[in-house]
Amino acid sequence: MHDVYKWTISVIGGAIAAFLGQYGIIVALVATSVIFDVVTGLFRAKATGEGLLSEKAHKGFWRKMSLFAAFFFGIFLDYAATCVILKIGIKLGYDMPFAMIIAAYIIINEAISISENLYLTNPDSFPPQIGKWLKVAKKEIEQKGNKGESDGRTEKGDGRAEQQNHD
């Protein structure tokens, strides 16, 4: 019976690795950062006396799920870009896969949250400078995203682009 479990896990793991291809390690890093943030958030809630509120946990769960949705949408865009968009001659103005950008953004945001959780749980256990460095890295990712070619659109205050009228 023990061999059946090993065989099943091997088959499932192999299928997932084959499906994810180049994204396997990135999926693992994103998942690890999200799980680690949840765990340190629980530490923080317990250590600071905030307690666990079911409504807050419910919202947090769906926010974490949206991170995975964004990441998997990035993987979809990577495949769509190479299979469809680039083949019809549309230039995207970037040279990095969407999923990598989204993964880096998720991991850095989660790392910022983890560092804040650790610091608030026990200020003596975590240097606050690390959180500051992570915030600088987040700004750098955001700035790299803003260096693309202008496409005649401007950013609204909420981050959505709107078409400029040049009539």
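Of the residues that sit in the range 56-91 and are aliphatic (A, V, I, L, M) and closer than 30 Å to Trp133 by Cα, which one is farthest from the chain's Cα centre (by Cα)?
Taking the candidates together, the pick is Ala57.
The lone criterion from (1) under 25 Å from Lys144 (Cα atoms); (2) surrounded by 11 or more Cβ atoms within 10 Å (Cβ to Cβ); (3) of a type outside the set (A, V, I, L, M) left unmet by Lys91 is number (2). Looking for something touching a helix residue (DSSP H, G or I) at 6+ places or on another chain (Cβ under 6 Å), closer than 18 Å to Ile108 by Cβ and surrounded by 11 or more Cβ atoms within 10 Å (Cβ to Cβ) - is there at least one such residue anywhere in the range 58-67? Yes, because at least one residue in the range 58-67 is touching a helix residue (DSSP H, G or I) at 6+ places or on another chain (Cβ under 6 Å), closer than 18 Å to Ile108 by Cβ and surrounded by 11 or more Cβ atoms within 10 Å (Cβ to Cβ).
Scanning the range 28-41 for residues that are more than 11 Å from Ala103 (Cβ to Cβ) and exposed (fewer than 14 other Cβ atoms within 10 Å of the Cβ) yields a total of 3.
Just to be sure, is Phe76 in contact with a Phe, Trp or Tyr (Cβ under 9 Å, 6 or more places away or on another chain) and modelled with pLDDT of 80 or more? So Phe76 passes the test. Those helices (runs of 4 or more DSSP H) of the range 1-120 in which 2 or more residues are under 21 Å from Ile141 (Cα atoms) and not aromatic (Phe, Trp, Tyr) occupy 24-48, 54-80.
Could you check the range 56-114 and list, in sequence order, the residues that are in contact (Cβ under 8 Å) with a residue 60 or more places away in the chain and among the polar types (S, T, N, Q)?
The one that is in contact (Cβ under 8 Å) with a residue 60 or more places away in the chain and among the polar types (S, T, N, Q): Ser113.
Based on this model, can you work out whether Ile16 counts as more than 15 Å from the chain's Cα centre (by Cα), surrounded by 12 or more Cβ atoms within 10 Å (Cβ to Cβ) and at pLDDT below 80? Here the answer is no, as Ile16 does not meet what is asked.
The values are calculated or read from the model by the stated rules, or taken from the named source; none is laboratory data. Computed from a prediction, not measured in an experiment: that's the story for all the values here. Every residue, glycine among them, receives a Cβ derived from its backbone with ideal geometry; neighbour counts consider all protein chains shown.
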